[in-house]
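Below is one structure, written out as structure tokens; comments come after it.
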Amino acid sequence: MLGAHGLTRQYAEVRAVDDVTFEVPAGKMIGFVGGNGAGKTTTMRMLMGVLAPTAGDVSWDGRPVTRADRTRFGYMPEERGLYPKQGVLDQLTYLGRLHGMSQHDAQGRARSLLERFGLGERLKEKVEKLSLGNQQRAQIIAAVLGDPLALILDEPFSGLDPAAVDQMADLLREHTANGVPVLFSSHQLDLVDRLCDGIVVLHKGRVVASGTSEELRGSAPLRYVLSLTADAGWVRGVPGVRVLDLDGATVQLEPETEEVAQRLLTEAVSRGGVREFSRVRPSLSEIYREVAAA
Amino acid sequence: MSTTSPWSLVALRELQVRLTDRNFLLGTGATIVVIIGIFAVQGFLMGGGAPSFTVAVTGEDGATVVAEAREALQETDEEAVLEAVQVADAAAAETALTDESADAALLPVADGWEFVTDGEADSQLQGVVSEAVRSTTLQANAEAVGTSVEDLTAGTVVQNRDISGGDDESRFVVWVAGFAMAMLFYMSAIMFGMAIASSVVEEKQSRIVEILAAAIPVRALLTGKVLGNTVLAFGQMAVMGAVALVGLTFTEYDQYLSTLTQGFLWYIPFFILGFLALACVWAAAGAMASRTEDLQATTMPLTMGLVLVFIVGLSLEGTARVIGSFVPVLSTILMPMRLLDGTAAWWEAALALVLTAVFCLVTIGAGTRLYRRSLLQTSGRVSLKAAWAGGE
């Protein structure tokens with residue numbers, strides 16, 4: 001389990017990250033969400049030890065993280081790149097060795113990952129000759145190469161086509177299945193929603209919400225949509241119900257409690273036909289907008 | 001899992017990248033060819049091998065004189081050859097001269113000897129033969145009057161003493177060697193220093209630096225880079241020095257081989273420490289740039305400093321030169337020169353080395369600090385002040 005405890009980073013006059021605390025449990029994939037400048041990258045850099053925190057600390061398995069632990073973390077920085085003039089297999093092998101692998105293991109693993117991502121024919125190709133998408137694949141391989149204890153990935157999906165996103169997601173799931181905690185940041189909220197076991201929302205350097213998507217949704221206000229066969233104007237008069245939007249036979253409403261909602265449904269049925277009565281589940285982006293605006 | 005330390009992996013990569021770089025190999029190869037060329041031309045122009053003469057004589061007396069002359073000649077050059085050929089008479093001797101089977105003829109005449117040549121006489125040959133004639137005749141005359149040559153010449157020996165220390169030739173050789181070593185240091189320091197700086201900025205510009213910094217300590221990255229390039233600079237210097245010393249044996253200056261080898265061996269530690277003293281500063285200059293285009297600005301103080309060291313090092317004289325030979329980096333140029341011309345004792349060299357080593361520790365500390373603090377600033381140039389004060 002990877003933990004951030006009160007991480008804070010102060011630049012000259014800006015507090016980029018302010019008292020950020022969250023955990024990435026073993027085998028869980030946590031999405032790190034927030035707008036530009038929310039402090040995601042700064043936080044991830046502090047988790048990796050590339051940047052020293054002004055205050056707070058990072059823990060690994062319940063104790064302070066060490067240099068040796070971090071050598072075995074897989075990291076994909078926001079500003080990414082590889083040596084442009086070196087062959088892709090050679091430099092992945094080099095990176096694997098820096099992560100403590102033997103020459104043989106590093107080369108074998110780099111080769112099999114390159115083959116898996118369809119780069120098997122281009123092992124000797126210089127990185128600068130690869131397409132951007134393939135460079136991105138090589139970059140991902142660099143992060144997972146060293147049999148990582150944990151994965152910290154800054155925007156790993158940006159620049160990938162849908163097929164590559166799926167490949168990547170499978171790769172990450174293999175790691176979580178082996179108990180590796182995975183933290184990744186993304187602007188693609190639908191993707192985060194689909195992949196993640198939990199979410200941490202950062203806004204202006206602070207954690208404004210965190211939990212599983214269910215938990216986050218649970219905290220959202222109760223909303224229903226009711227669609228009738230006739231005009232729904234009468235709903236306005238029902239006590240305990242706030243109408244958000246009324247359009248002929250369809251109304252969006254916010255009942256005070258679940259009981260009020262059920263009573264409303266009973267009345268609707270007694271007044272005539274009901275086409276639809278359903279709970280409105282806010283999308284992650286809606287929740288995000290709400291917490292960010294708060 | 002292997003336990004290879006990260007800095008050695010970094011150093012190995014530096015070596016591998018440079019040793020497979022065509023430009024580097026071509027440049028080094030070309031320089032070595034030029035050095036070999038200089039010595040080949042020297043050997044061809046100056047030496048042309050040891051002198052070899054044949055002198056025609058008409059009798060036993062002539063042959064004795066020539067044998068005496070050969071001994072004198074071989075005292076200055078033991079490979080020199082001087083042969084006597086017996087001919088029937090003066091006419092036969094002249095024939096031998098015109099058909100070039102003899103370089104000169106030594107013929108007895110009424111009041112002594114005649115030294116006959118076809119054209120201008122070789123001054124060296126004429127010198128040793130005349131001297132041999134004089135000494136053999138003197139000996140015969142001395143015996144005739146009942147005394148000995150030693151008695152006759154007692155007290156006539158004049159010994160030369162040159163208070164400038166060494167003759168013109170040795171001063172010239174020592175100066176050339178000193179200049180070559182100064183030049184070699186200047187070129188290596190700039191070339192490999194620049195290699196360190198651009199290798200650092202390449203990692204920044206390609207953005208791989210954050211992956212590296214996350215995987216291994218920044219200090220290991222710096223150490224590997226500096227040591228890798230120091231090994232390369234030293235290797236190139238050693239090869240060029242060895243080629244030059246071997247080349248020397250093919251010229252007539254080979255008598256200076258032991259002096260120059262000794263000077264060169266002293267030069268090695270000065271070279272290494274002088275290079276190391278600047279290496280971390282070069283790395284810092286690289287880290288303060290964020291693109292290759294910035295390098296020229298951030299490395300300017302270093303290149304200017306080295307130009308200054310080179311010019312000042314070659315122009316200092318007297319006391320200033322002695323003082324300069326203890327100033328770190330400047331000492332890499334001046335102390336080996338002073339050792340070569342014999343004006344410095346070994347303890348002075350050792351002291352200068354210790355001073356350079358201390359200076360090294362200071363620059364390594366400062367360079368590392370600047371490097372660490374500017375390495376991850378990937379947007380724009382980092383000013384010296386900001387780099388020094390900045391957090392990590």
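All of the numbers you see were taken from the coordinates with simple rules; none came from a lab. Since we're looking at a predicted model, the values are computed, not measured. Ideal geometry is used to build each Cβ from the backbone, glycine not excepted, and the neighbour counts take in all protein chains shown.
For the reader, a short list of remarks on this structure follows.
- Report note on the peptides A:277-287, A:205-215: ranked by the mean count of other C-beta atoms within 10 Å, highest first, their order is A:205-215, A:277-287.
- Mean residue ellipticity at 222 nm, helices only, chain A: -10500 deg cm²/dmol; runs of at least 4 DSSP H residues each add -39,500 (n - 2.57), and the sum is divided by the number of residues.
- Spin-label pair A:S278-B:D21: with each label point 7 Å from Cα along the Cα-Cβ axis, the two points sit 6.3 nm from one another.
- Both radii were evaluated on the Cα set of region B:194-303; the Rg over Rh quotient, with Rh as the Kirkwood radius, amounts to 1.15.
- Comparing A:P221, A:P181, A:P239 in a Gaussian network model of chain A, where Cα atoms under 10 Å apart are tied by springs, the biggest mean-square fluctuation is seen for A:P239.
- Three semi-axes describe the equivalent ellipsoid of the protein assembly as shown; taken as square roots of 5 times the Cα gyration tensor eigenvalues and ordered largest first, they are 91, 25, 17 Å.
- A:R111-B:I36 pseudo-label distance in nm [points 7 Å out on the Cα-to-Cβ vector]: 3.9 nm
- Considering only chain A, percent of DSSP beta bridges that pair antiparallel, nearest 5: 70 percent
- For region A:1-48, the list of chymotrypsin sites (Phe, Trp or Tyr not before Pro) that fall in a loop by DSSP and count at most 15 other C-beta atoms within 10 angstrom reads A:Y11.
- Taking every alpha-carbon pair under 8 Å whose residues sit at least 6 apart, chain A reaches a relative contact order of 20 percent.
- q = 0.07 Å⁻¹: log10 I(q)/I(0) that the Debye formula gives for chain B, counting C-alpha atoms only: -0.52
- Peptide A:63-76, shielding by other chains (average Cβ, 10 Å cutoff): 2
- Separation of the A:S270 and A:S285 label points, Cα + 7 Å toward Cβ, nm: 4.1 nm
- At most 13 other Cβ within 10 Å, DSSP loop - chymotrypsin sites (Phe, Trp or Tyr not before Pro), region B:258-293: none
- Normalising the average separation of contacting C-alpha pairs (under 8 angstrom, six or more residues apart) by the number of residues puts the relative contact order of region A:220-293 at 40 percent.
- Relative contact order for chain B, counting Cα pairs under 8 Å that sit 6 or more residues apart, in percent: 19 percent
- Calculated FRET efficiency for the pair B:V246/A:R242, C-beta based, R₀ 60 Å, to 0.05: 0.05
- If you bin all the Cα-Cα distances of region A:220-293 at 10 Å, starting from zero, the percentages per bin are 20, 52, 22, 7, 0.
- 10 Å Cβ neighbours from other chains, averaged over peptide B:202-209: 5
- Both radii are taken from the alpha-carbon atoms of chain A; with Rh as the Kirkwood radius, Rg/Rh is 1.11.
- Order by protection proxy (mean Cβ within 10 Å, highest first), peptides B:6-13, A:187-194, B:144-151, A:244-251: B:6-13, A:187-194, A:244-251, B:144-151
- Of the trypsin sites (Lys or Arg not before Pro) found in region A:54-124, those in coil by DSSP whose Cβ has at most 10 other Cβ atoms within 10 Å are A:K124.
- Shielding by other protein chains, A:3-15, mean Cβ within 10 Å: 0
- Charge context of B:K225, other residues only, Cβ under 10 angstrom, K/R +1, D/E -1: -1
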